[in-house]
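The values are calculated or read from the model by the stated rules, or taken from the named source; none is laboratory data. Remember, predicted model here, so these are calculated numbers, not experimental data. Counting neighbours? That spans all protein chains shown, and the Cβs are built from the backbone with ideal geometry, glycine included. SASA here: full protein model, heavy atoms, side chains in, ligands and nucleic acids out. Shrake-Rupley method; radii C 1.70, N 1.55, O 1.52, S 1.80 Å.
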Amino acid sequence: MSTPLTILGGLTAEQFLSEYWQKKPLLVKNALPEIANLFIPEEIQDLALEGASARLLTQHGDDWKVKSSPLDEEDFENLPELWTLLVQAVDHHSVDLADFWKEFDFLPQWRRDDIMVSYAPKGGSVGKHFDFYDVFLVQGYGQRRWQLGQTCDEHTAFVPDQPLKLLQEMDVHFDEVLEPGDLLYVPPKLSHYGVAQNDCLTFSFGFRMPNSAEMLDRLGDKFADNLVRKNPLIDIARQLPQPAGEITRQELDYLKAELLERLQNCSEFDDALMTLMSEPKYPDNVPAPDAIEDIADLKAVFEHNYLLQVEPASRLLYQHNKFWGNGEQICVSESSINMLKRLANGESIIFNAEHFDDDCLLQDLIQLLNDSILMILPSETEEDHS
């Protein structure tokens, strides 16, 4: 990981993680030139009209309105001068866009959220705001001016009576116009404000962390499935005399200590966290594949060289030799482990007749393809992948 990375402006991954990650912003000019003009604005609008998760923001002076998907043609008629369309998880609809995640392989895949695309005409924005997650803002079409300000927190005041959490003010210390291919890393809680200089598209590569409420919720689900966890605790000696309606400090401390002890020595905890982190954020985006009935069907599909990779709308993660996909633990044969790890790490693997002798591997692939955790694509050249 000590190699200087173009996407980080020549920084190594170690330098970026120690000096910038979750600490301060980083601007890299021409970091991803290949993303420039990958889409034109009309294509992003078409995605929203076709059912992708989206929000249409309109601004009338100091007043804002938000219309969430589904959106239709009428929503784009008679728009005010200032508006913005936010389309979530565009990487789930475009393999070419999803492929750009590989540029961020110095960060773990379980932290990835989605790639949102913001489309706005001149003057359009989403207002002055901050996020609780890390984001790499990459300009794909047109230009957008970005201003960065103070660090905020859960106590920061917002503009009242608006459908968005807009900041009342920003102490601007960064002011730059991003050109196609430029990248701006914005750490969590840092206020930012982006304004379209013309028709523009901005790609937001978001990275999430779970919160304690989500983790406890998933652990509660695992506890609920375990009959042993439903057994009552053993009572402690009651100190008399004591009013019948009182629960003592000693009793509360005992209950908390028993719960914390079970959490500390909980076999379900790893499974609960892996379940949470492997859940797709937009499960409706996971496609329904054409079912593969048996090994003969699979071999017919792979008669010619195909690329095997993770479906962009799905998640495949592993811990040692255990795998989780789309919120469920996956049981696979030993012969599948190495290939699945490579796929989970973001590789695209050429699958051909050389793999046909391993029936256990083929059965695993049938299940994963039928569950849309994996997908296949035609291979352009064998030299491009291994």
Give the percent of DSSP beta bridges with both residues in the chain that are antiparallel, rounded to the nearest 5.
-> 100 percent
Which residue, Val126, Val90, Val172, has the most motion in a Gaussian network model of the chain that connects Cα atoms within less than 10 Å?
-> Val172
Under the Karplus relation with 6.51, -1.76 and 1.60 and θ = phi - 60°, whole-Hz ³J(HN,Hα) for segment 60-74, x at Gly and Pro, equal 10, x, 9, 9, 10, 9, 10, 10, 8, 4, x, 10, 9, 4, 5
Tell me, what % of the accessible area of segment 35-108 is carbon and sulfur with a 1.4 angstrom probe?
-> 42 percent
Exactly which trypsin sites (Lys or Arg not before Pro) in segment 267-336 are in a DSSP loop and have at most 16 other Cβ atoms within 10 Å?
-> Lys281
By the C-alpha gyration tensor axes a ≥ b ≥ c (rounded if a/c is under 1.5, else prolate when a/b exceeds b/c, else oblate), the shape of the chain is oblate
Given a 1.4 Å probe and the protein chains all in place, what does the accessible area of His93 round to, in Å² to the nearest 10?
-> 90 Å²
Report, in whole Å, the centroid distance computed from the Cα atoms of segment 246-274 and segment 300-364.
-> 37 Å
Rounded if a/c is under 1.5, else prolate if a/b beats b/c, else oblate: with a ≥ b ≥ c from the C-alpha gyration tensor eigenvalues square-rooted, which is segment 183-325?
-> oblate
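If you filter segment 201-274 for GluC sites (Glu not before Pro), then keep DSSP loop positions with at most 16 other Cβ within 10 Å, what is left?
Glu246
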With x for Gly and Pro, the residue-by-residue ³J(HN,Hα) of segment 109-125, computed from phi through the Karplus equation 6.51 cos²θ - 1.76 cosθ + 1.60 at θ = phi - 60° and given in whole Hz, is 5, 5, 8, 5, 9, 7, 10, 8, 10, 9, 10, 8, x, 3, x, x, 7
Would you mind counting up the charge near Glu261? Only other residues with Cβ under 15 Å from its Cβ, with Lys and Arg at +1 and Asp and Glu at -1.
-> 0
